[in-house]
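Encoded as structure tokens, the structure appears first; notes follow it.
The values are calculated or read from the model by the stated rules, or taken from the named source; none is laboratory data. Here the structure is a predicted model, which is why all the values come from computation and not from measurement. So basically every Cβ, Gly included, is an ideal-geometry build from the backbone, and we count neighbours across all protein chains shown.
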Amino acid sequence: MPNLYTFVVNPRFLSSKKGIPEHTVSKIKKLRRQEIPIETLTKGIFEGDKTLLAQGITLLESSNPEHFDKANTLVEKCLAKSTQTIRIGITGVPGVGKSSFIEVLGTTLTSIGKKVAVLAVDPTSSLSKGSILGDKTRMQSLSKDPNAFIRPSPSGESLGGVARKTRESIVLCEAAGFDVILVETVGVGQSETMVHSMVDFFLLLKLSGAGDELQGIKRGIMEMADAIAINKADGHNVEKAKLAETEFTRALHLYPPKENGWTPKVLRCSAMENNGIVEIWEMIRDFAIKTSETGHFDKNRKTQNKNWFLQTVDEQLKQFFHQKKTFKSKQDQMLKAIEENKISPYYAAQTLLADLTQELK
């Protein structure tokens, strides 16, 4: 029988109430109104409890100021656990088949004994502030796999194509024993490159014959990719995929060599027919081995942690100013002045920050 906290955080166990004493049901309902202790969350995560792992990520994503310290404590405890993992970022234009590719790759990895965590990010509506969060529906086979964990999260106001707490979620998944972390982004965009700053291997999925070959050769995206996979290389699309493979291979030779010594590769695959997936994993494993031997794997992780710190400082400064009581009134004054063309937006921002900074002195 599951432990008491499993019932608390997972309503489906209590839906029938069969075999559960009434006083226990009452106790469970009472506990649901309480927060789960950090010690319980940490212990459950270390033991690989996927329900408590999901609860921990929910704590990370909470915007309640009272949860910030608890979330930080949880992350600190999970960071202290030594793990050997590989983080893979998977990106591509909408419709390229990211979810299908991830499901086939995930099931392939679990079949050889790997534990796979998928952090899938869905775009948040700027109007309704809602997200569909439908990745579990699209990855039905993987979502039922006992060695897999899928967590869809809303991107919120993040411009990086990843959720605001994706870095911390990766740490929790690794502490839970998942040795392959797949980060799916919302789709290639001008600001999506943030995913590159939190993964070990950056995979760019492309389509052939879709008219986006030139888009894919844009310098920013190509320079970051550790590999390009031409997806949907099946049926009548095989010849087009071969042509695209040649074009992208030529394009990659135009860029300077990577600091870690890795030469990016171009492969063809079909998630629908499960072709080329094993080869892509073997390439990623080869990347991890080679960069670990040269020391670049660990160096990259340390650099990413420094960037994580700097980005967090920027976020905290933003929150600090927004939480000041005088910020809202001064901001409204500036907005009114901008609307009446009395001040430029740039100078208004400078004036607002100067006034707030003066108050701190």
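Looking only at the stretch 324-335, count every residue that is basic (K, R) and surrounded by 12 or more Cβ atoms within 10 Å (Cβ to Cβ) and tell me the total.
If we filter the stretch 324-335 for residues that are basic (K, R), which is where we start, we get 324-325, 328, 330.
Those left that are additionally surrounded by 12 or more Cβ atoms within 10 Å (Cβ to Cβ): 324, 330.
Total satisfying the criteria: 2.
Can you find a residue that is polar (S, T, N, Q) and either closer than 23 Å to S141 by Cβ or outside the structural domain of S100 (by TED's automatic domain parsing) (or both) anywhere in the stretch 253-272?
Let us first name the residues in the stretch 253-272 that are polar (S, T, N, Q), namely 260, 263, 270.
With either closer than 23 Å to S141 by Cβ or outside the structural domain of S100 (by TED's automatic domain parsing) (or both) added as a condition, the list becomes 270.
So far as the stretch 253-272 goes, yes, one or more of its residues are polar (S, T, N, Q) and either closer than 23 Å to S141 by Cβ or outside the structural domain of S100 (by TED's automatic domain parsing) (or both).
Conditions (1) surrounded by 16 or more Cβ atoms within 10 Å (Cβ to Cβ); (2) farther than 26 Å from T110 by Cα; (3) out of contact with any strand residue (DSSP E or B) (no Cβ under 9 Å at 6 or more places or on another chain); (4) polar (S, T, N, Q), marked per residue:
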site: E282; (1), (2), (3), (4): no, no, yes, no
site: F287; (1), (2), (3), (4): yes, no, no, no
site: N305; (1), (2), (3), (4): no, yes, yes, yes
site: E315; (1), (2), (3), (4): no, yes, yes, no
site: Q319; (1), (2), (3), (4): no, yes, yes, yes
site: H322; (1), (2), (3), (4): no, yes, yes, no
site: E339; (1), (2), (3), (4): no, yes, yes, no
site: K342; (1), (2), (3), (4): no, yes, yes, no
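Tell me, which helices (runs of 4 or more DSSP H) wholly within the stretch 38-115 include 3 or more residues that are within 15 Å of A175 (Cβ to Cβ)? Working first, answer last.
Working: elements: 38-46, 50-61, 65-79, 98-111.
Hits in the stretch 38-115: 38-46, 50-61, 65-79.
Against the condition in contact (Cβ under 8 Å) with a residue 24 or more places away in the chain and of a type in the set (A, V, I, L, M), how does L353 come out, does it pass?
On the way: in contact (Cβ under 8 Å) with a residue 24 or more places away in the chain: yes; of a type in the set (A, V, I, L, M): yes.
Against the criterion (in contact (Cβ under 8 Å) with a residue 24 or more places away in the chain and of a type in the set (A, V, I, L, M)), L353 qualifies.
Within the stretch 268-280, how many residues are outside any loop (DSSP other than H, G, I, E, B) and surrounded by fewer than 20 Cβ atoms within 10 Å (Cβ to Cβ)?
The first filter runs over the stretch 268-280 and keeps only residues outside any loop (DSSP other than H, G, I, E, B), leaving 268, 270, 275, 277-280.
Still in the list and also surrounded by fewer than 20 Cβ atoms within 10 Å (Cβ to Cβ): 275, 278-279.
Summing the residues that are outside any loop (DSSP other than H, G, I, E, B) and surrounded by fewer than 20 Cβ atoms within 10 Å (Cβ to Cβ) in the stretch 268-280 gives 3.
Can you name every residue in the stretch 256-297 that is touching a Pro at 6+ places or on another chain (Cβ under 8 Å) and under 18 Å from E245 (Cα atoms)?
Filtering the stretch 256-297 for residues touching a Pro at 6+ places or on another chain (Cβ under 8 Å) gives 258, 263.
The one that is touching a Pro at 6+ places or on another chain (Cβ under 8 Å) and under 18 Å from E245 (Cα atoms): T263.
Going by what's in this entry, would N260 be described as farther than 30 Å from T351 by Cα, under 27 Å from the mean Cα position of the chain (by Cα) and part of a helix (DSSP H, G or I)? Explain how you work it out, then say what you get.
Values: farther than 30 Å from T351 by Cα: yes; under 27 Å from the mean Cα position of the chain (by Cα): yes; part of a helix (DSSP H, G or I): no.
For N260, the condition - farther than 30 Å from T351 by Cα, under 27 Å from the mean Cα position of the chain (by Cα) and part of a helix (DSSP H, G or I) - is not met.
Criterion first (among the β-branched types (V, I, T) and not assigned by TED's automatic domain parsing to the domain that holds S100) does T249 satisfy it?
On the way: among the β-branched types (V, I, T): yes; not assigned by TED's automatic domain parsing to the domain that holds S100: no.
No.
So, K18, is that one outside any loop (DSSP other than H, G, I, E, B), at pLDDT below 80, surrounded by fewer than 17 Cβ atoms within 10 Å (Cβ to Cβ) and of a type in the set (K, R) or not?
On the way: outside any loop (DSSP other than H, G, I, E, B): no; at pLDDT below 80: yes; surrounded by fewer than 17 Cβ atoms within 10 Å (Cβ to Cβ): yes; of a type in the set (K, R): yes.
When the stated conditions are applied, K18 does not pass them.
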